[in-house]
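The values are calculated or read from the model by the stated rules, or taken from the named source; none is laboratory data. Please read these numbers as outputs of a predicted model, since none were measured by experiment. Because the Cβ atoms are built from the backbone with ideal geometry, glycine has one as well, and the counts that use them run over all protein chains shown. Please note that ligands, DNA and RNA were not included when accessible areas were found on the heavy atoms of the full protein model with its side chains. Shrake-Rupley method; radii C 1.70, N 1.55, O 1.52, S 1.80 Å.
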Amino acid sequence: MIKQIRPAVLMIAVMTVLTGLIYPLGITGIAQILFPHQANGSLIQKDGKAIGSELIGGNFTSDKYFHPRPSATTEPDPKDPAKTVPVPYAADNSSGSNLGPTSKALVDRVKADVAKLRAENPGAPVPVDLVTTSASGLDPDITPAAAYFQVPRIAKARNIPQDRLKALVEAHIEGRFLGVIGEPHVNVLKLNLALDALRNG
Amino acid sequence: MTVNGWIQIAIYSLIVIALTKPFGAYMTRVFSGERTLLSPVLQPLERVIYRICGIDETEEQHWVTYAVAMLFFSAAGFVVLYGIERLQAVLPFNPAGQSAVEQSLAFNTSISFVTNTNWQSYVPETTMSYLTQMAGLTVHNFVSAATGIVLAIALVRGFARRSARTLGNFWVDLTRCVLYVLLPISIAVALFFVWQGMPQNLNAYAQVTTLEGAKQVIAQGPVASQEAIKMLGTNGGGFFNANSAHPYENPNAITNLVQIVLIFSIGAALTNVFGRMVGNQRQGWAIFAVMGVLYLAGVAVVYEAEASGNPALKALHVDQTPSALQAGGNMEGKEVRFGIANSALFTTVTTDASCGAVNNMHDSLMPLGGMVPMVNIMLGEIIFGGVGSGLYGMLIFAILAVFIAGLMVGRTPEYLGKKIDAREVKMAMLAILILPFSILGFTALATVMPAGLAGPANNGPHGFSEILYAFTSATGNNGSAFAGISANTPFYNTTLGLAMYIGRFLMIVPMLAIAGSLAGKKIVPASAGTFPTDGSLFVGLLIGVIAITGGLIYFPAVSLGPVVEHLAMNAGAHY
């Protein structure tokens, strides 16, 4: 029995070197050579500066941009580090709301968001993803329904005809893989970059 | 529910079925010590490992020795992991400047990863250095998975061998499992994941300035290498807090599909390994069928519950109807790129197995949608299951099923030619009862102690569900959570740590005792009175035993949580 202690200690040492150092560092080396863009976080540059990642949602609040979904991420309160304050799209502290379906906090939050959205686009049904927080708090996408819903507001703020914006949204819908796998979605950052380009061009 | 959603679920199911036989054939060769395609490359490395560790490749072990080797190995792993966490501040690969992990959290996390649970009381991107993620956590993603697999192999050998005293050699099985099964697949999958968008770097967190001029800090790291083994080994511990819902950890629908295929791949293939080793693949397919039926039932319930949406939101004129432009349904805690079908599928698969990775937040599932993962874990994660642990858990239920069948007809039960005696049935009951003892015992404790009641984030029955889910997940070595609960406290870190330990090791020891005693038995030739265990009658009986056992033990607790919440929700109650 005691004879098993020596292999136990040596085996964990060997496995730590093999699967804990050689494997991840080797993959890092190969990935950096083969796929440097993805391996370094798929960051998007504009005028030589990183403005975000293709994959990570960012917050947009101006009327002139498409807005992402609500985000439940937080950061430590600068005044009291033991507490947290809401900071949407904090990409160094991913988190969902973890509110259950019978939560009063959830219902109150959705009620307030619905009221705001109905004011900007009266009469249109409010797509569910625009009033619910994502699992990561960093969802880079909205549904096509949520993008179309925001067209009237942006058209007004930018003074662009709604039809042009609808065409822009349609061009940015990423469909299902092979037409089957996944769900159609629109990447908010890419759409907003195209929106800015539209104005300049 | 939509037709497309069901097509996606069907495609996934067919891929798992297609992989079972070839992967089972390969693993059978690996654990029988035969040459494989990879032997020319890996055999020299294998020999070097045996030489360093002083292992005699030909030595066979009695079940007690096998168990002791496993326990010493797990203990050594616990100590090393705890040490790395406590010392990470002064060790390299720490660009984010993480400080030492606090004691009770380091205790909890070390048990969590050694037991293949990967419960996370912490936020990885604000707690763990890259070194801890790689040399600490990734290592246990490999070796705790390998430990589960080789234990299942030992039990299968117990059925397959006759009049034998030994079950194999733990060190040889472990080494071969890592080298020939886990590592090659992880390397290929990790590179595929990077190609699909997962980061794999040692950079400091990226600082960006958004189009609106705001600052955003984006966490980075060696994500893909950990992600591959996290899914393949049914570990489930996320590189980031949001786990496989984080866009870096699961960038698109393809990586999502690959991830859930990985979760089931080894568990499904092991049913085939079982069939091959006992000399009749139909025995393996019968077990597979039981798992398949329970899996489909779970998916259907979660999918229906989530697709129906939240009545409280319907009342607020929120549009939850599926259409060409949106997935609809209950989108709180879900990602747009996965929608409802892929979230429901992931939730079911990750808790059928002991994976515990999540691509949506289980805490925000509808009451019945959240009940399914809980029940899946309570049943012992035997539906394809944790790598290895799923098969040995299911075989323990199979022993119970043939025992009950034997009682009905008044014959000594036998399974695969082995007479099932009082000793095996006692050990099987011990292994089965240890789970409710821990789940219900600790939940009851938490609901009467102030430190326990301080945990839940939600009020009403959902708060109780959060506590129940936590101890269910820990005991079942799953690791998913109703994550609103504040578990990073001395009370929860300690009790959940104990639950993980009990759920893993107190189940393994009686299981290995069964393996040892079965190996020593002769094989009785089948006769007219033998109950066939490769047909639909056995499949039905086994499903019944699992459902009744789980139903009787857990129904009261589940009633107090999800069932009450469902009724309250339909009555319009909010908490």
Practice item. Compare A:GLY20, A:GLY137, A:GLY179 in a GNM of chain A, Cα atoms joined below 10 Å, and give the one with the largest fluctuation. Key: A:GLY20
Practice item. Determine ³J(HN,Hα), in whole Hz, for all residues of the stretch A:169-176 in sequence, where each value follows from phi through the Karplus function 6.51 cos²θ - 1.76 cosθ + 1.60 and θ = phi - 60°; x replaces Gly and Pro. Key: 4, 4, 5, 9, 6, 9, x, 6
**Study point:** Over 18 Å (Cα to Cα) - which of A:LYS49/A:LYS190; B:LYS419/B:LYS521; A:LYS46/B:LYS215; B:LYS230/B:LYS334; B:LYS21/B:LYS522 fall in this group
**Key:** B:LYS230/B:LYS334; B:LYS21/B:LYS522
Point to revise | Computed over the stretch B:351-432, Cα set: Rg, Dmax in Å | key: 16.2, 49
Check your understanding: Counting Lys and Arg as +1 and Asp and Glu as -1, each charge on the Cβ, what is the dipole of the protein assembly as shown about the Cα centre in debye, to the nearest 20?
Key -> 1280 debye
Point to revise | Heavy-atom accessible surface that B and A bury in contact, both chains counted, 1.4 Å, Å² to 100 | key: 8700 Å²
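Summarise the accessible area of the protein assembly as shown (1.4 Å probe, protein heavy atoms) by the percent that is carbon and sulfur. List each step's numbers first, then the result.
Numbers: 17200 of 26170 Å².
Solvent-exposed carbon and sulfur of the protein assembly as shown make up 66 percent of the total.
Solvent-accessible area per residue for chain A at a 1.4 Å probe radius, Å²?
Numbers: 8670 Å² over 201 residues.
That works out to 43 Å² for each residue.
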Check your understanding: For chain B, list the DSSP H helices whose alpha carbon atoms reach 20 Å or more along the long axis and whose average Kyte-Doolittle value is 1.0 or above?
Key -> B:3-31, B:63-87, B:139-160, B:253-277, B:389-409, B:422-448, B:490-519, B:536-558
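Counting only heavy atoms of the protein chains, get the accessible area per residue of the stretch B:3-267 (1.4 Å probe) and round it to a whole Å² value. Show your work: numbers first, answer last.
Working: 7910 Å² over 265 residues.
Averaged over the residues of the stretch B:3-267, the accessible area is 30 Å².
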Study note, to complete from the structure: Expressed in angstrom and rounded, the centroid-to-centroid distance over alpha carbons for the stretch B:366-417 and the stretch B:161-184 is 24 Å
Check your understanding: If you plug each phi of the stretch A:93-109 into the Karplus form 6.51 cos²θ - 1.76 cosθ + 1.60 with θ = phi - 60°, what whole-Hz ³J(HN,Hα) values come out, in order, with x for Gly and Pro?
Key -> 7, 5, 5, x, 6, 6, 7, x, x, 9, 6, 5, 4, 5, 4, 4, 5
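Give the Rg/Rh ratio for the stretch A:1-90, taking Rg as the radius of gyration of the Cα atoms and Rh as the Kirkwood radius, to two decimals. Spell out each step's value before the answer.
Numbers: Rg = 22.2 Å, Rh = 18.0 Å.
Rounded to two decimals, Rg over Rh is 1.23.
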Exercise for review: Return the sequence-ordered ³J(HN,Hα) values of the stretch B:172-177 in whole Hz as given by the Karplus equation 6.51 cos²θ - 1.76 cosθ + 1.60 applied to θ = phi - 60°, using x for Gly and Pro.
Suggested key: 5, 4, 4, 4, 5, 4
Practice item. Can you send over the solvent-accessible area of B:ARG86, 1.4 Å probe, protein chains only, in Å² to the nearest 10? Key: 80 Å²
Check your understanding: Any residues in the stretch B:286-325 that have 10 Å² or more less accessible area with all protein chains than in their chain alone, probe 1.4 Å, and which are they?
Key -> B:ASN310, B:ALA312, B:LEU313, B:LEU316, B:HIS317, B:VAL318, B:ASP319, B:ALA324, B:LEU325
Practice item. For the stretch A:1-75 and the stretch B:260-294, compute the distance between their C-alpha centroids and round to whole Å. Key: 33 Å
Review point. What are the residues of the stretch B:156-204 that lose 50 Å² or more of accessible area, with a 1.4 Å probe, going from their chain alone to all protein chains?
Key: B:TRP171, B:LEU191, B:VAL194, B:TRP195, B:GLN200
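So how do A:ILE154, B:ILE543 rank on accessible area, 1.4 Å probe, biggest first, that is with the largest at the start?
Working: A:ILE154 0, B:ILE543 35 Å².
Result, largest first: B:ILE543, A:ILE154.
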Check your understanding: Relative contact order for the stretch A:52-127: what is it in percent, counting Cα pairs under 8 Å that are at least 6 residues apart?
Key -> 19 percent
Practice item. Could you please state, rounded to a whole Å, how far the C-alpha centre of the stretch B:211-258 is from the C-alpha centre of the stretch B:435-494? Key: 26 Å
Exercise for review: Find which of B:MET429, B:ALA245, B:GLY535 sits farthest along the positive direction of the dipole of the protein assembly as shown, computed with +1 on the beta-carbon of Lys and Arg, -1 on that of Asp and Glu, about the Cα centre.
Suggested key: B:GLY535
Review point. How large is the convex hull of the Cα atoms of the protein assembly as shown per residue, expressed in Å³ as a whole number?
Key: 150 Å³
